[in-house]
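Report on one structure; see the data block that follows.
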Amino acid sequence: GCNANCVGCISYQPPENGVPSTQDRLTFIPTVDEILEVAVPHLEKAPNPVVSFGQGCEGEPLLVWEVIRDAIREIRKRTKRGVININTNGSKPEAIEELCKAGLDSIRVSMNSAIPEIYHRYYRPNNYSFDDVLESMKIARKFNCWVSINYFVLPGLTDWVEEYQALRKLIKETNISMIQWRNFNIDPDWYIEMVGVDGATKKLGVKNVMKLLKEGFPHLAYGYFNPPLKVMRKYLKD
């Protein structure tokens with residue numbers, strides 16, 4: 001299940017939309033033992049192992065955070081290797097805190113915009129807000145978790161001056177570790193109109209936004225995937 005109703009969700013679209021979903025959501029909740037069967041051997045044997053709960057558009061893992069908390073505890077009883085990550089919308093700060101206490105290493109939070117109004121127009125959240133998302137990231141950083149944002153990139157919004165300024169504010173407030181620049185596969189004209197961005201306003205260019213952010217926040221890692229431990233250590237050392 002999920003507590004957001006993202007306009008561009010790839011695992012659920014209402015029948016009346018006439019748009020097929022490209023992947024299916026899980027129809028069951030794995031037990032702790034089933035999670036251990038997959039996670040522990042990978043963490044023990046892979047060269048640079050990362051295991052993740054949630055994958056963007058297959059539902060929201062924080063809705064079953066208690067199972068994930070118990071699984072993390074059991075994983076860490078068996079092995080200390082690798083990175084345990086969660087891909088999430090960051091909707092439940094109290095759950096993030098419990099997962100961090102259990103041994104979570106990394107969190108990736110998806111967002112289309114650092115502007116609350118635009119975020120809400122796309123995600124259409126149930127029983128959570130943009131402020132909850134920010135709080136989840138702040139809590140994770142307090143526990144020294146590696147925090148990435150899964151940032152949906154679309155020229156015309158991502159490089160909008162107001163969006164750039166909002167993203168700078170978000171980075172300052174949350175002290176995130178990484179931006180995963182995710183190309184947003186959606187009809188650009190429809191999306192820009194839907195979220196309410198004036199096409200005539202000043203744009204900086206996506207490449208320039210990336211350059212300016214690096215200059216302002218040299219600690220920020222850029223990438224497209226959740227990093228293994230050796231990459232995290234490199235940036236933490238720098």
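Stretch Glu162-Tyr222 to full length: gain in nm at 0.36 nm per residue minus the Cα-Cα span? Spell out each step's value before the answer.
Numbers: separation 60, 0.36 × 60 = 21.60 nm, distance 2.11 nm.
Length gained, Glu162 through Tyr222: 19.5 nm.
A simple spin-label model places the labels of Ser21 and Asn127 1.9 nm from each other, with each point 7 Å out along Cα-to-Cβ. Across the cross-link table entries Lys45/Lys101; Lys169/Lys234; Lys169/Lys211, which are compared at the Cα atoms, the separations over 18 Å belong to Lys45/Lys101; Lys169/Lys234.
Computed extension gain for Ile29 through Asn175, at 0.36 nm per residue and net of the alpha carbon distance, reaches 49.3 nm. Note on the stretch 188-238: with neighbouring protein chains present and a 1.4 Å probe, carbon and sulfur make up 60 percent of its accessible heavy-atom surface. Taking amide hydrogens as placed 1.01 Å from N in the peptide plane, the amide H of Arg108 sits under 5 Å from those of Ile86, Asn87, Thr88, Ser148, each at least 5 positions away in sequence or on another chain. Distant-in-sequence amide contacts of Ser21, defined by a placed amide H-H separation under 5 Å and a gap of 5 or more residues or a different chain, comprise Gln13. Estimated from the Cβ-Cβ distance and a Förster radius of 41 angstrom, the FRET efficiency linking Thr79 and Asp198 is about 0.20. With the simple model of a label 7 Å out from the Cα in the direction of the Cβ, Asn208 to Trp190 spans 3.0 nm.
The values are calculated or read from the model by the stated rules, or taken from the named source; none is laboratory data. Here the structure is a predicted model, which is why all the values come from computation and not from measurement. Cβ: placed from backbone, ideal geometry, glycine included. Neighbour counts: every protein chain shown. Accessible surface areas use protein heavy atoms only, side chains included; no ligands, DNA or RNA. Shrake-Rupley method; radii C 1.70, N 1.55, O 1.52, S 1.80 Å.
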